[in-house]
Amino acid sequence: MIDYKNELNEEQYRVVTEGDGPCLVLAGAGSGKTRAITYRVAYLLEHGVSPQNILLVTFTNKAANEMMFRVKSLLGDELKLMWAGTFHHIGYRILRQYSALIGYKNNFNILDTQDSLDLFKLCLKQEGMGRKEKRYPSAKVIQSIVSYARNAELSVEEVLNQKYPNWSDIADKVSLIAHEYSKRKLESNTMDFDDLLVNTYLLLCRSQSVQKKLSEQFKYVLVDEYQDTNKIQASIISLLSSYHKNILVVGDDAQSIYSFRAADIENILGFENKYPNARIFKLETNYRSTPDILNVANVVIENNLNQYKKDLKSVLENFTKPEAHAFADSQEEANFIVGRILELYDEGIEFNKMAVLFRAAYHSQALEVELTRRDIPYEFRGGVRFFERSHIKDVLAYLKIYNNIQDEIAWSRVLNMQVGIGPASAQAIIGKVKNIKDKSEINSVTDDLSPRAKIGWGDFVQIWNSMDREVVKVPSALIQAVIQSKYKEYLEQEYPDARERMQDLEQLAMFADKQLDLDKFLAEASLQEGYGSKNRQTSDNEPKLVLSTIHQAKGLEWEGVFIMSLNSGQFPSDRSMKEMNGLEEERRLFYVAITRAKKYLYFSYSLSGGFGSFLQGPSMFLDEIGDQLIEGNTFKSGTVFDDDKDDIIYVTDDEPFTNQPRTSFLSSIDEL
């Protein structure tokens, strides 16, 4: 028998031994929630509950496998849960038995993401909305719209109005595509990943006998990461636990950060309303972070109104206060971060025990350049390295052909983006371009193109002329010319995350602002691009520094964590401030970043951290922390810059910088 009393803390012990009926377990960061869940499963098995009567639902296969491994280790045998896995895995198993009740055969195939995209392309082509039709979004964008609508239980029109207002005028067309897509899947006896949830819910709603059978079978239902569930997932769990009502959900509302994937925080915040007799447990003992770090985390999350109040307490000793630092620009910020990383490395902390976290991927650009320069190995999570991103390569390709009209590889990339220009047309254009002697002849090289190819060529010429009109043809000006041209429309048509890609490109323009020579800039960019794949060969086993978006960092931990680009307007993002409950989700995201750190925590921002040359202050989140909990040199978010007078008016309770010339102010920053 397991000695539960001695192997668990008091909070965990209560969850494990008293978890009958509807239970909400509010598990703070680093509080041992996985331990509580696995011991709960073991407890049920030891007390005579059959494995087939337990349903354990997780968000990843890795989490499910880890929990089952721990249960086996506790019980000392090969006992295996019959029903444990992700929502999609559980849905698949149910549908394999009962899909005939909703019009499918039981041997249906599953479409992966690419299969789904290919089917959307066929539907678009049938409706006259194919790749060659410029006024419509791409199949990938429509795939994203339809998927979000299904998971959030919204109409296509509602999703377009909320997330893609530039396409709201074609809501009827997109709805038609969604209908055709569903019809084709049914006709071909295939389901996509969303169907594994939607059709499971549909089955349980339509067939009372199936719902009754399954809910009677599952005497105990346990759900991990409940704060990340969407409406359909929560509804499925409610139906599967409807008979015995032994539903135990574990999560942390303070770590609900995936609304962009249709996760609904109301599932966890409204649990008591749905189950009026629910018991609430709190896991507040933190085994990860020092008290210094948890003090900051607790103060930050207190500012959210819609939450369950928790107060994380550390089992560790005090170590060192988190630090906050302000810098004149992103380059100075990057220099500081890399310098401090090397200091920690010299103190015995391996690179893979440290992470630099940021709100958006484009924030990493200056840091990546500095890491490359100092030959520090790193891995990028949440995407690809800055100079390897497709849209960065796109814009650089435009600059390359402007700099060297003979660059066939760059021409191929540029022409491939144009409507109506296929491989044959592209090769014909490249052949003619190579023979021209002056850039001014570009407009006259395509007289014999097809009508459709001429449309695409016309779009290219518009972009080319935008670059050519720049009076001073420095790299940053040429980049701005491209991203403010037809290329912006191309991004909006092709990618669901067009806005984030534009932010990357604005950051590229900032990087280019430091180099006036186009040839040298392109060489420098190529060296940055080649670093990850060619110039620096690293062993797979070599410890690498982690660079990650905060969303990708959830659930992980490091000895030292740097949270960078904490600028006003960037974190919280301007966009979130305009969305309902957006600010509170951004604060939860900040909380998640803070609670990844075990011993060392650093905040930083640059006063010229935004796009262009304007100055800006720190994130409001730094103000919420308070000076008594952090060390370092920062400026309050009340800073106001008067661009007309080139002066600064600094608003603070301390001695203000008043009417101080900007050059003098920047000098004072340099002294920090």
In whole percent, the fraction of accessible protein surface over the chain that belongs to carbon or sulfur atoms, probe radius 1.4 Å, stands at 48
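Kindly sort HIS179, HIS89, HIS363, HIS325 by accessible area of their heavy atoms, largest first, with the probe set to 1.4 Å. Each step should come with its number before you reach the end.
Details: HIS179 120, HIS89 75, HIS363 10, HIS325 35 Å².
In descending accessible area the options line up as HIS179, HIS89, HIS325, HIS363.
What FRET efficiency comes out for the pair ASP517/ASP375, r = Cβ-Cβ distance, R0 = 41 Å, nearest 0.05? Could the numbers behind the result be given before it?
Values: r = 25 Å, r/R0 = 0.61.
Once the sixth-power term is evaluated, E becomes 0.95.
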Could you sort out which of LYS72/LYS219; LYS212/LYS274; LYS80/LYS183; LYS231/LYS598; LYS520/LYS598; LYS140/LYS514 sit more than 31 Å apart by Cα distance in this structure? LYS80/LYS183; LYS231/LYS598; LYS520/LYS598; LYS140/LYS514
With each pseudo-label sitting 7 Å past Cα toward Cβ, what's the GLU489-ASN352 distance in nm, one decimal? 4.9
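On full extension of the chain, what length is gained from GLU216 through ASN541, given 0.36 nm per residue of separation minus the C-alpha to C-alpha distance? Spell out each step's value before the answer.
Values: separation 325, 0.36 × 325 = 117.00 nm, distance 4.87 nm.
Result for the pair: 112.1 nm of gain on full extension.
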Size of the range 110-195 as Cα extents on the principal axes (Å, biggest first): 33, 30, 18
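In the range 73-130, which trypsin sites (Lys or Arg not before Pro) fall in coil by DSSP and have 10 or fewer other Cβ atoms within 10 Å? Working shown, then result.
Details: sites: LYS80, ARG93, ARG96, LYS105, LYS121, LYS125; in loops: LYS80, LYS105.
Passing both the DSSP loop test and the Cβ count: LYS80, LYS105.
With +1 assigned to the C-beta of every Lys and Arg and -1 to the C-beta of every Asp and Glu, and no other charges, what is the dipole magnitude of the range 110-195 about the Cα centre in debye, to the nearest 20?
Numbers: 13 positive and 15 negative charges, 94 e Å.
Dipole about the Cα centre, nearest 20: 460 debye.
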Extending each Cα 7 Å along its Cβ direction at ASP468 and LYS437, get the distance between those two points in nm, one decimal. 1.7
In Hz, Karplus ³J(HN,Hα) per residue of the range 18-33 (6.51, -1.76, 1.60; θ = phi - 60°; x = Gly, Pro): 10, x, 7, x, x, 9, 10, 9, 8, 9, x, 4, x, 9, x, 5
Determine the gain in length on full extension of the stretch ASN404-ASP623; use 0.36 nm per residue of separation and subtract their C-alpha separation, reporting nm with one decimal. 73.9 nm
To the nearest 10 Å², what's SER390's accessible area with a 1.4 Å probe? 40
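Cβ neighbours within 10 Å, averaged per peptide: list 310-317, 432-439 in order, most packed at the top. Spell out each step's value before the answer.
Numbers: 310-317: 15.5, 432-439: 12.1.
Ranking the peptides 310-317, 432-439 by packing returns 310-317, 432-439.
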Which residues does the label zone of ALA424 cover in the range 451-473, counting backbone N under 15 Å from a point 7 Å along Cα→Cβ? 451-454
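Per the Cauchy relation, a quarter of the hull surface: what is the mean projected area of the convex hull of the alpha carbons in the range 388-531, in nm²?
Working: hull surface 33.3 nm².
That works out to 8.3 nm², a quarter of the Cα hull's surface.
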Taking the dipole about the Cα centre of the chain, with the C-beta of Lys and Arg at +1 and of Asp and Glu at -1, give me whichever of ALA334, GLY76, GLY128 is farthest to the positive side. GLY128
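Suppose a student asked you for the relative contact order of the range 110-195, using Cα pairs under 8 Å spaced at least 6 residues apart; what percent would you report? Can you show the working numbers first?
Numbers: 64 pairs, mean separation 34.5, N = 86.
Relative contact order for the range 110-195 comes out at 40 percent.
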Between SER412 and GLU18, what FRET efficiency comes out of the Förster formula 1/(1 + (r/R0)^6) with R0 = 60 Å and r the beta carbon distance, rounded to 0.05? 0.35
State the antiparallel share, in %, of DSSP beta bridges confined to the chain, rounding to the nearest 5. 15
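Per DSSP H run of at least 4 residues, take -39500 (n - 2.57); add these up for the chain, divide by its residues and hand me the 222 nm value, nearest 500 deg cm²/dmol.
Values: 30 runs with 320 residues, N = 672.
That comes out to -14500 deg cm²/dmol.
Expected output is a single nm value to one decimal: the length gained when fully extending between LYS183 and SER73, i.e. 0.36 nm times separation in residues minus the C-alpha distance. What is it? Please list the in-between numbers first.
Numbers: separation 110, 0.36 × 110 = 39.60 nm, distance 4.70 nm.
Net length gain for the segment: 34.9 nm.
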Defining a contact as two alpha carbons under 8 Å apart and six or more residues distant in sequence, what relative contact order in percent does the range 1-118 show? 20
Please calculate how many Å² of accessible area the chain carries per residue, with a 1.4 Å probe and no DNA, RNA or ligand atoms counted. 44
Roughly how many Å is it from the Cα centre of the range 325-344 to that of the range 558-598, as a whole number? 19
State the answer as a single residue: which of LEU566, PRO451, ALA593 lies farthest towards the positive end of the charge dipole of the chain, with beta carbon charges of +1 for Lys and Arg and -1 for Asp and Glu, about the Cα centre. PRO451
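Would you work out the charge dipole size for the chain about its Cα centre, treating the Cβ of every Lys and Arg as +1 and the Cβ of every Asp and Glu as -1, and quote it to the nearest 20 debye? If you can, show how the numbers build up before the last one.
Numbers: 79 positive and 97 negative charges, 608 e Å.
Value, rounded to 20: 2920 debye.
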Packing-based ranking, highest mean first, of 597-605, 107-115 given that Cβ atoms within 10 Å are counted: 597-605, 107-115
Have a look at ALA139, ASN189, LEU160 and report the one farthest towards the positive end of the charge dipole of the range 110-195, computed about the Cα centre with Cβ charges (Lys/Arg +1, Asp/Glu -1). ALA139
Taking a ≥ b ≥ c as the square roots of the eigenvalues of the Cα gyration tensor, with a/c under 1.5 meaning rounded and otherwise prolate when a/b exceeds b/c and oblate if not, the chain is oblate
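For the range 350-447, which GluC sites (Glu not before Pro) pass both filters: DSSP loop (anything but H, G, I, E, B) and at most 15 other C-beta atoms within 10 Å? Show your work: numbers first, answer last.
Numbers: sites: GLU350, GLU368, GLU370, GLU379, GLU388, GLU408, GLU441; in loops: GLU350.
Passing sites in the range 350-447 are GLU350.
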Below 8 Å between Cα atoms, with a sequence gap of 6+, how large is the relative contact order for the chain in percent? 16
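With charges set only on the Cβ (+1 for Lys and Arg, -1 for Asp and Glu), what does the dipole of the range 168-287 come to about its Cα centre, in debye to the nearest 20?
Working: 14 positive and 17 negative charges, 131 e Å.
It comes to approximately 640 debye.
The values are calculated or read from the model by the stated rules, or taken from the named source; none is laboratory data. A quick note: this is a predicted structure, and the numbers were derived from the prediction, not measured. Cβ coordinates were reconstructed from backbone atoms using ideal geometry, including for glycine residues, and neighbour counts include every protein chain displayed. The area values use the complete protein model at the heavy-atom level, side chains included, leaving out ligands, DNA and RNA. Shrake-Rupley method; radii C 1.70, N 1.55, O 1.52, S 1.80 Å.
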